[in-house]
Amino acid sequence: MTGEAEICVVGAGAVGGYTAAMMSRGGFETILVDPWREHIAEIKKNGLRIETPENDFVQTIEALHVDEAQALSQRSISTAFICMKMYDTAWATELVLPFLGSDGCIVTMQNGLMEPLVAERAGPERTLGCIASTLSTHLVGPRHIVRARESGGEAYDVFRIGELDGRATPRVRQLAEILGVVDSARVSENILGERWTKLIENAMTSALSGITGLDMRTMFDDPALVDFMVRIAAEGLALGEALDYTVTAVRGLEPAIWRAAVAGDAAARAAVDGQFKRERRRIKGRNLSGIAQDIAKGRTTEIEYMNGYLEEKGRALGIPVEANSKVAELVRRLERGEIGQSRDALAS
């Protein structure tokens, strides 16, 4: 309502739509903005249908097409979450920035290191980072979002949100409480280090799912694909160390375990296999990665912001990134239509 502090979520896809629906269901004034006209029209007419392993419900929520964004001028936007594809971050930030309240902030909720780009436009003092991990949501059609994993609960912090300078400010503590109605959430005092960790985690799985066409449960049970994931993780950790990020546990395991696993340590590899088995148990449906979904729909992927980004940094720093380079190039070839999805592509 006019005059009240409200939350705007730019991007009503799988992550943004799910997060907005749950915040709205939790009693927070939330507005969705998205460029997909049919999706927005269906949300306006029938609400967002949210399907999870625990529940299935419809949430009424205000939704605007990007052409209608001027309507935000009549609102008091306290927080804008950017949940767009990473290559859409710049325009999404510029779209919502004029409508922020004087003390408003923009929160990136994406898979890559987008905070510097947003800070260039909004200012670092108005930019926060938020990691959404293991949501495993899919936009299966207009107004219909499915979550394939059970909630993290006390066992896992699905959301981690932080100021760029690491301070635990009142606003970041309040935003963590708001996100707590979506799933487990905490304040991070090392958001850029955790963001690098999240980049590694996505680089391990998203491109491989896209290349092979396999879902996460199948990949986590495939020793050869786990080998590839271990190599990708080790390369990402080497880059993070060189770039001075304080990298945290990757998929619940300390960096030293991934380094030992890539070096052939049997105990470390057993720890990796055990962790993937635990993750597999939380997945209740067919969980394809974002890149796999993009390839299936003929859309541009985010590969240049994931494995392609790690490839670029590795070349600049002179650090070997063979595994990341390989999967990045295979995804590019898929995008160009030169190859089809196949597990055999990794052997080429």
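The values are calculated or read from the model by the stated rules, or taken from the named source; none is laboratory data. Since we're looking at a predicted model, the values are computed, not measured. Here the Cβ is made from the backbone with ideal geometry for all residues, glycine too, and neighbour counts use every protein chain on show.
If you scan segment 305-348, which residues turn out to be within 25 Å of Asp244 (Cβ to Cβ) and free of Cβ contacts under 8 Å to residues at least 12 places away in the same chain?
Answer for segment 305-348, where residues must be within 25 Å of Asp244 (Cβ to Cβ) and free of Cβ contacts under 8 Å to residues at least 12 places away in the same chain: Glu312, Arg315, Ala316, Gly318.
This table checks each residue for (1) in contact (Cβ under 8 Å) with a residue 24 or more places away in the chain; (2) within 26 Å of Ala148 (Cβ to Cβ); (3) touching a Leu at 6+ places or on another chain (Cβ under 9 Å).
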position: Gly264; (1), (2), (3): no, no, no
position: Arg269; (1), (2), (3): yes, no, no
position: Asp273; (1), (2), (3): yes, yes, no
position: Phe276; (1), (2), (3): yes, yes, no
position: Gly285; (1), (2), (3): yes, yes, no
position: Asp294; (1), (2), (3): yes, yes, no
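Output the residue which, of all residues in segment 70-92 that are more than 17 Å from the chain's Cα centre (by Cα) and crowded, with 17+ Cβ neighbours inside 10 Å, is nearest to Ile303 (Cα to Cα).
Per the criteria, the residue is Thr79.
Tally up the residues in segment 298-323 that are of a type in the set (A, V, I, L, M) and surrounded by fewer than 18 Cβ atoms within 10 Å (Cβ to Cβ), please.
Within segment 298-323, residues that are of a type in the set (A, V, I, L, M) and surrounded by fewer than 18 Cβ atoms within 10 Å (Cβ to Cβ) number 3.
Can you find a residue that is over 18 Å from Ser78 (Cα atoms), surrounded by fewer than 21 Cβ atoms within 10 Å (Cβ to Cβ) and in contact with a Phe, Trp or Tyr (Cβ under 9 Å, 6 or more places away or on another chain) anywhere in segment 147-169?
The answer is yes, given that some residue of segment 147-169 is over 18 Å from Ser78 (Cα atoms), surrounded by fewer than 21 Cβ atoms within 10 Å (Cβ to Cβ) and in contact with a Phe, Trp or Tyr (Cβ under 9 Å, 6 or more places away or on another chain).
Which of the residues belonging to segment 174-201 are without any contact (Cβ under 8 Å) to a residue 24 or more places away in the chain and either of a type in the set (A, V, I, L, M, F, W, C) or not assigned by TED's automatic domain parsing to the domain that holds Arg149 (or both)?
Ala176
Quick check on my filter: what residues within segment 273-288 are assigned to a helix (DSSP H, G or I) and under 19 Å from Ala207 (Cα atoms)?
Of everything in segment 273-288, those that are assigned to a helix (DSSP H, G or I) and under 19 Å from Ala207 (Cα atoms) turn out to be Phe276, Glu279, Arg280.
Only one residue in Val140, Val146 is in a strand (DSSP E or B) and without any contact (Cβ under 8 Å) to a residue 40 or more places away in the chain. Which one?
Val140
Against the condition assigned by TED's automatic domain parsing to the domain that holds Asp34, closer than 23 Å to Gly236 by Cα and part of a strand (DSSP E or B), how does Cys130 come out, does it pass?
Considered against the rule, which asks whether it is assigned by TED's automatic domain parsing to the domain that holds Asp34, closer than 23 Å to Gly236 by Cα and part of a strand (DSSP E or B), Cys130 comes out as yes.
Which is outside any loop (DSSP other than H, G, I, E, B), more than 20 Å from the chain's Cα centre (by Cα), crowded, with 21+ Cβ neighbours inside 10 Å and of a type in the set (Val, Ile, Thr), of Ile257, Ile291, Ile295?
That would be Ile257, the only listed residue that is outside any loop (DSSP other than H, G, I, E, B), more than 20 Å from the chain's Cα centre (by Cα), crowded, with 21+ Cβ neighbours inside 10 Å and of a type in the set (Val, Ile, Thr).
If you go through segment 24-46, how many residues are crowded, with 23+ Cβ neighbours inside 10 Å and either assigned to a helix (DSSP H, G or I) or touching a Pro at 6+ places or on another chain (Cβ under 8 Å) (or both)?
So the answer is 1.
Which one of Gly308, Gly298, Gly318 is at pLDDT 95 or above and either outside the structural domain of Phe228 (by TED's automatic domain parsing) or on the phi > 0 side of the Ramachandran plot (or both)?
Just a single option satisfies the conditions, and that option is Gly318.
Output the residues belonging to segment 203-219 that are over 13 Å from Ala345 (Cβ atoms), of a type outside the set (A, V, I, L, M) and buried (at least 23 other Cβ atoms within 10 Å of the Cβ).
Passing the criteria: Thr205, Ser206.
Considering only segment 318-348, how many residues are aliphatic (A, V, I, L, M) and under 24 Å from the mean Cα position of the chain (by Cα)?
Counting residues in segment 318-348 that are aliphatic (A, V, I, L, M) and under 24 Å from the mean Cα position of the chain (by Cα) gives 7.
Among the residues of segment 268-279, count how many are over 25 Å from the mean Cα position of the chain (by Cα) and over 16 Å from Ala234 (Cβ atoms).
Total meeting the criteria: 1.
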